[in-house]
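Structure first, commentary second.
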Amino acid sequence: MILEKIQNPNDVKALSAQEAEELCGELRQFLMEHVSRTGGHLASNLGAVELTVAIHRVFDTQRDRLVFDVGHQCYVHKILTGRKDRFSTLRRHGGISGFPKPHESVHDAFVAGHASNSVSVALGMAKARTLLHEDYSVLALIGDGALSGGLAYEGLNNAGASGEPMIVILNDNGMSISRNVGAMSTHLSQLRTKPEYYKFKKNYRSVLERTAVGRALYSFNHRLKKNLKKAILPNATMFEDMGFTYLGPVDGHDVEKLENTLRWAKELNCPVLVHVNTVKGKGYGPAEREPNLYHGVEAFDLDRGVVRQKKQDFSAVFGEALCALASEDGRVCAITAAMADGTGLGGFAAQHPERFFDVGIAESHAAAMAAGMAKQGLIPVFAVYSSFLQRAYDQLIHDIALSNLHVVLAVDRAGMVGADGETHHGIFDATFLSDIPNMTVLCPSNYAELKAMLRRAVFEIDGPVAIRYPRGGEGAYRGNSGEDNIVELRSGSDITLCAYGMMVNNILEAAELLAQQGISARVLKFNCISPFYDRDMRNVVGKCRALLVAEEATSVGCVGQRVAAILAENRIAPEKTVLCNLNKAFPVQGAVSELQKEFGLDAQSLAKKAAEVIR
């Protein structure tokens, strides 16, 4: 087994060409066996095996900077950079992350988790290298899906114009950019990857540039070649017009061709774009046939593959409810940013295709487009993960809220999400949404409330409305607390426990634990966390002398702070107030239950804190 001998990238460089190919096969088997047990991003990593091996055979990532875009395809990189023996801990609490993390290894150049930023980050690193007179290569590895994000083009436009030596590797698996077709395209692709070709081209340029006649001949031939390429390879022309030297398309599953092309790109010493064609899910039949199904997977049986099952969770319930509302009113539309299945909109796309809009990885555009739709009389519902909604913050304020437009935000994955870790927890939306004028923020705690609140948001509430709900299923609380902003779920006289969303389950359980200690806990549920009205706040404390507010949010500007401030301003504050939240931290990956315990948000910790306050 070659993989057993690989401890670091130097071992990869020492392999023969034949051994490198064999290593790729072993890496695929390793990925399939481990990800089937831990869960994770399988299809994207299977597609990037040869590309990652080639990168490590040409570059030194301990010194050279390899910037991943999103980072879904970083598993092979982690295996080759000393983390193979810890791979069974992938995405688990205390284990290795599913995304690049500089604190894990010097080989991880930059944190990743959100799309389309890699070129901009890499350009910044390249400029730093030049200004500090240092010598290393800078690479950005970006997928064709991330090119649907506008930030990618901002980076490409600036990078190409800068002339800064750097390499952008476009991993094109055909999911977003059309493949080049035709015999000439195939021929040119094969020609470009031959070592003899780029050696000839290098010498040819060097010789011709020695004389004025030679320079004129080179210029004429260059224009001729560019016009020919424009007719055959339109993608190449687009990148060249931005200032890049375009190399490719290259077979992304041929290590030798990839190595040759990357060495050439390194020698050119200018902005270079290497276009690589790969197959998402390569080497595992089910993943090749249905790459979307194997994009992010839970643990599964490797022999049987991922078993399709209709999972009842908040996302699925949202999708079904929105379909029903769209059947009632032809103005209701659905928007997603490349997450139709993840946000539960697959059924909507099938039932109402003319009113379903997938804009790609472009959350800012989605929010602005929703504003335009609302301004002209439609009822747009933008379904988006909480952590990705952050990318559209300016549009929420400037394009939607400023004009008080009726846009509905279905904020999925609110709160802590588990295995994807820091870059994916939805721990900021409760704060930044509540801060926006005209914005109503609703927080259902179960499926029935989600359906009821979605109807209210679509048909009854004016202006922008956000409904935030978690990943996964509902908890023990199954009541439907109606349309009141604040609802008492349990009476008590010693301390008032407050929460919203899924945290309601924890404070209800905490109240039971307190009752066993002879402490009478009152439980309040916030259905709406913005706006808060003074009339509602007057009922928060009741006859209790202490108040505890629990939430999966960062501390500054959280709901608890706002409640405490309003109570103090109205001179109705309790004797003691304790706020239980995430403080000012980025929770790592791990099961939500583990993370809640770590931050003192599980029922036992909350009951203990409440008892300390009372005593």
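Filtering Leu188, Leu151 for residues that are buried (at least 17 other Cβ atoms within 10 Å of the Cβ), aliphatic (A, V, I, L, M), modelled with pLDDT under 90 and over 22 Å from Phe59 (Cβ atoms) leaves a single hit, Leu188. Pairing each residue of segment 469-483 that is in contact (Cβ under 8 Å) with a residue 24 or more places away in the chain with any residue that is among the charged types (D, E, K, R) and open to solvent by 30 Å² or more (accessible area, probe 1.4 Å), provided the two are 6+ apart or on different chains, yields C-beta distances under 8 Å for Pro470/Arg413; Arg471/Arg413; Ala476/Glu509; Glu483/Arg456. When the strands (runs of 3 or more DSSP E) confined to segment 491-606 are screened for residues that are over 30 Å from Ala457 (Cβ atoms) and open to solvent by less than 10 Å² (accessible area, probe 1.4 Å), those reaching at least 1 such residues are found at 495-499, 521-526, 546-550. Ala350 meets the conditions (1) modelled with pLDDT of 95 or more; (2) assigned to a helix (DSSP H, G or I); (3) over 22 Å from Ala324 (Cα atoms) in every case but one. The failed one is (3).
For segment 444-460, check the following and say yes or no: at least one residue is outside any strand (DSSP E or B), at positive phi and in contact (Cβ under 8 Å) with a residue 24 or more places away in the chain.
No: zero hits.
The residues of segment 376-429 that are on the phi > 0 side of the Ramachandran plot and in a helix (DSSP H, G or I) amount to a single one, Gly421.
Those residues that are more than 20 Å from Ala401 (Cβ to Cβ) and among the charged types (D, E, K, R), I need them from segment 332-372; list them, please. Scanning segment 332-372 gives Asp341, Glu354, Arg355, Asp358. For Leu258, the conditions (1) open to solvent by 20 Å² or more (accessible area, probe 1.4 Å); (2) in contact with an Asp or Glu (Cβ under 8 Å, 6 or more places away or on another chain) all hold with the exception of (1). In a residue-by-residue description of segment 74-82, the property of being part of a helix (DSSP H, G or I), open to solvent by 40 Å² or more (accessible area, probe 1.4 Å) and touching a Ser or Thr at 6+ places or on another chain (Cβ under 9 Å) applies to at least one position.
Pairing each residue of segment 566-594 that is in contact (Cβ under 8 Å) with a residue 60 or more places away in the chain and closer than 18 Å to Val549 by Cα with any residue that is assigned to a loop (DSSP other than H, G, I, E, B) and open to solvent by 80 Å² or more (accessible area, probe 1.4 Å), provided the two are 6+ apart or on different chains, yields C-beta distances under 8 Å for Pro574/Arg545.
Selection within segment 108-119: residues that are in a loop (DSSP other than H, G, I, E, B) and open to solvent by less than 20 Å² (accessible area, probe 1.4 Å). The member of this set that is farthest from Val76 (Cα to Cα) is Ser116. Among the residues of segment 381-413 satisfying the criterion of being among the β-branched types (Val, Ile, Thr) and out of contact with any strand residue (DSSP E or B) (no Cβ under 8 Å at 6 or more places or on another chain), which is nearest to Cys323 (Cα to Cα)? Among those residues, the one meeting the criterion is Ile400. Would segment 361-368 turn up any residue that is buried (at least 22 other Cβ atoms within 10 Å of the Cβ) and among the hydroxyl-bearing types (Ser, Thr, Tyr)? No, segment 361-368 contains no residue that is buried (at least 22 other Cβ atoms within 10 Å of the Cβ) and among the hydroxyl-bearing types (Ser, Thr, Tyr). Could you tell me whether any residue of segment 129-137 is modelled with pLDDT of 95 or more and either among the polar types (S, T, N, Q) or open to solvent by less than 10 Å² (accessible area, probe 1.4 Å) (or both)? Yes, the conditions are met somewhere in segment 129-137. Note on segment 385-415: among residues that are without any contact (Cβ under 8 Å) to a residue 40 or more places away in the chain and surrounded by fewer than 23 Cβ atoms within 10 Å (Cβ to Cβ), the one that is nearest to Gly372 (Cα to Cα) is Asp399. Quick one: what pairs do we get from segment 157-177, first residue surrounded by fewer than 16 Cβ atoms within 10 Å (Cβ to Cβ) and assigned to a loop (DSSP other than H, G, I, E, B), second of a type in the set (Ser, Thr, Tyr) and modelled with pLDDT under 95, C-beta under 7 Å, 6+ apart or different chains? Partner pairs satisfying both residue conditions: Ser176/Ser148.
The values are calculated or read from the model by the stated rules, or taken from the named source; none is laboratory data. Since we're looking at a predicted model, the values are computed, not measured. Neighbour counts run over all protein chains shown; Cβ positions are idealised from the backbone, glycine included. Note: areas computed on protein heavy atoms with side chains; ligands, DNA, RNA excluded. Shrake-Rupley method; radii C 1.70, N 1.55, O 1.52, S 1.80 Å.
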